[in-house]
Structure formats: C-alpha cells, structure tokens
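Take a look at the structure below.
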Amino acid sequence: MEISYDKIAPKICDCHVHYGQFREDNYEPKQIIKWFDELGIGKVGIMPVGTTWASDFNRDQKIMASLPTARFVPYLWVSPEMVDTDPTLKLYDTLNYKVMKIHAYAIKEWDKLPDKISTVIEVARNKKVPVMFHTGGWRGSNAIQFYKFCREYPEVTFILAHGKPISQTLTVLKGAKNAYADSSFMSNESIKLICDAGLSHRILFGTDFPIMKTFWPEINLLDWYRNNVIELIEKFSERDFMVWANENFYKLILRS
C-alpha cells in the first residue's frame, strides 16, 4: 500500500528540533517556521542549539514567543550557570516549557556536576515534565552515564536523545521503565535492535532538524524529511511509527 505523506503529516509530532547557530550555519526561527509550514507536521518540540544559544534566556523567550503555539512546543535548554543563578529554575517558568534538556556533550561540565543534574531532575519532577539527555559523542554523555538518574527518579520520564551508543541505550531501556529514546540521528539498525528487544513502545520520533544540513550541505531538507518518514513507516510499520510520532509525544510531553 502506498504511503501518503501529506495525509499522515498533520498527525506527526517531532520531539527534537532546533533553531540557532550550529557551527557555520545559522538556522533562523523564521526559516524553521516556513519549513514546517511546508512539511505540515502537527507538533514540533523545539530548543536552541549550541552553547552560545543556550545562555541567553531573554532572547530565547522572544524567539519562542514568535513561534506559532499551535505547532511549536518549547523546551528549556539548561546550563549549569542557570542552576547557579536559581536552583529552583523559577526564572524560566515564563517559557512554559514542556521538556528540560541537558546536553553533556555541548557543555561537558555536566559530567562533573551530578548534584546539579539532580537539581534539574527535581525541578522536572515537580513540574511533571520529562528530562532529555543528549547521548553520544564522548564518555561523559554516553547513555549509560544517565542510568543512575533514571533509576533514582522512577516518577520522572527521561528521553535519551539519539540513543547512543545503542548497546548502552538498550541497557537503560531494559532497566528503567521510565526511559525512552528519541530517533534523531539514530540508524535504522539501532531502531531495529530496540524493536527486537520488545521495546518499540519506548521510542519517540525525533529528527534533530535542520542540523543534518550542516553535515550534508547538498541535501534538500524537505525531501530528506519526507523520505525519512516514509522510510521509517516502510521499514517498521505505520502503527509503530504513529506510536513513536504521535502517541508517545502526547502521553509524555503534552500530558500537562
């Protein structure tokens, strides 16, 4: 059966999208809006990218306020300095964020600050929002580094962005029922390993859009996005994909 992207797109929720400066490329919020208008995606979890973009909350507030609220769901990218300024993180409540992001690859100090990570998680627990960890890239941000937090806070939902390395991600998913992996920059082979382990229901659809343009400048971003959706449905199933790209997003991120 032929898959109609246009028919399924309004139901799709992408849990991992960025705006801002990444290496030599600047992905302007207005361009992000335009791209998703053309793609027709239903919901988009969005956050700044890069350490410089993570440190200016006043700017991020203005940017988030400029995004159409019917589609874009704000995330709070947390830095250690933000915790120092206000351990309750109440300063950032005006963003009305739905996920808190810790990126221990972009900000490697996190690896030496487990107490501050716990502080962020406690705020997330009180606000009933998930914590997203970037995984992969170096020892300090590999998935297994966050296993202890998933076990210590069973009432908090954790999202292992990228699910890297996959062997460690599988260990965490098997040992912590409150842990999920998002599929951004995850190979189909890794997704299959999660499915083969009986954990397909613990995947969230994410893309890291539009960061792939920096790595592969020759691609057409819109074609890439549509082809990625169709390929996932063809390789797995529309039913599985809609759990990842719709049901889990509403259950975990838009529950409050």
Exercise for the section: Scan segment 178-201 for residues that are hydroxyl-bearing (S, T, Y), closer than 14 Å to A143 by Cβ and in a helix (DSSP H, G or I) and jot them down. Expected result: S190
Exercise for the section: Could you figure out which of (1) within 24 Å of K98 (Cβ to Cβ); (2) in contact (Cβ under 8 Å) with a residue 60 or more places away in the chain isn't true of L232? Expected result: (2)
Completion exercise
When (1) farther than 25 Å from P48 by Cβ; (2) in contact (Cβ under 8 Å) with a residue 40 or more places away in the chain are applied to L254, the one that fails is (1)
Fill in the blank from the handout: Of the residues in segment 152-177, those that are surrounded by fewer than 18 Cβ atoms within 10 Å (Cβ to Cβ) and assigned to a loop (DSSP other than H, G, I, E, B) come to P154, E155, P165, K177
Fill in the blank from the handout: Given the conditions (1) closer than 25 Å to P10 by Cβ; (2) modelled with pLDDT under 95, every one holds for F215 apart from (1)
Handout entry: The lone exception for Y19 - which of (1) surrounded by 21 or more Cβ atoms within 10 Å (Cβ to Cβ); (2) aromatic (F, W, Y); (3) modelled with pLDDT of 95 or more it fails
Key = (3)
Exercise for the section: Return the residue satisfying two criteria in turn: it lies in segment 60-117 and is among the aliphatic types (A, V, I, L, M) and out of contact with any helix residue (DSSP H, G or I) (no Cβ under 8 Å at 6 or more places or on another chain), and of such residues it is surrounded by the fewest Cβ atoms within 10 Å (Cβ to Cβ). Expected result: A70
Handout entry: Identity of the residue in segment 121-151, of a type in the set (F, W, Y) and either surrounded by fewer than 23 Cβ atoms within 10 Å (Cβ to Cβ) or touching a Gly at 6+ places or on another chain (Cβ under 9 Å) (or both), that ends up farthest from Y250 (Cα to Cα)
Key = W138
Exercise for the section: Taking the residues in segment 179-210 that are among the hydrophobic types (A, V, I, L, M, F, W, C) and out of contact with any Lys or Arg (no Cβ under 9 Å at 6 or more places or on another chain) as candidates, determine which candidate is nearest to V99 (Cα to Cα). Expected result: L204
Completion exercise
Of the residues in segment 89-107, those that are assigned to a helix (DSSP H, G or I) and either within 20 Å of G45 (Cα to Cα) or at pLDDT 95 or above (or both) number 5
Handout entry: Top-ranked residue of segment 1-21 - restricted to ones that are over 21 Å from the mean Cα position of the chain (by Cα) and without any contact (Cβ under 8 Å) to a residue 40 or more places away in the chain, ranked as farthest from I41 (Cα to Cα)
Key = M1
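Consider segment 222-256. How many of its residues are part of a helix (DSSP H, G or I) and polar (S, T, N, Q)? Can you show your working first?
So the first thing to find is which residues in segment 222-256 are part of a helix (DSSP H, G or I), and the list is 222-235, 238-252.
After this cut, where a residue has to be polar (S, T, N, Q) as well, the list is 227-228, 246, 248.
Residues that pass the stated criteria total 4.
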Handout entry: Selected residue (criterion: surrounded by the most Cβ atoms within 10 Å (Cβ to Cβ)) from residues of segment 208-223 that are closer than 25 Å to F133 by Cβ and in contact (Cβ under 8 Å) with a residue 12 or more places away in the chain
Key = F209
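The values are calculated or read from the model by the stated rules, or taken from the named source; none is laboratory data. A quick note: this is a predicted structure, and the numbers were derived from the prediction, not measured. Virtual Cβ from ideal backbone geometry, glycine too; neighbours counted across all protein chains shown.
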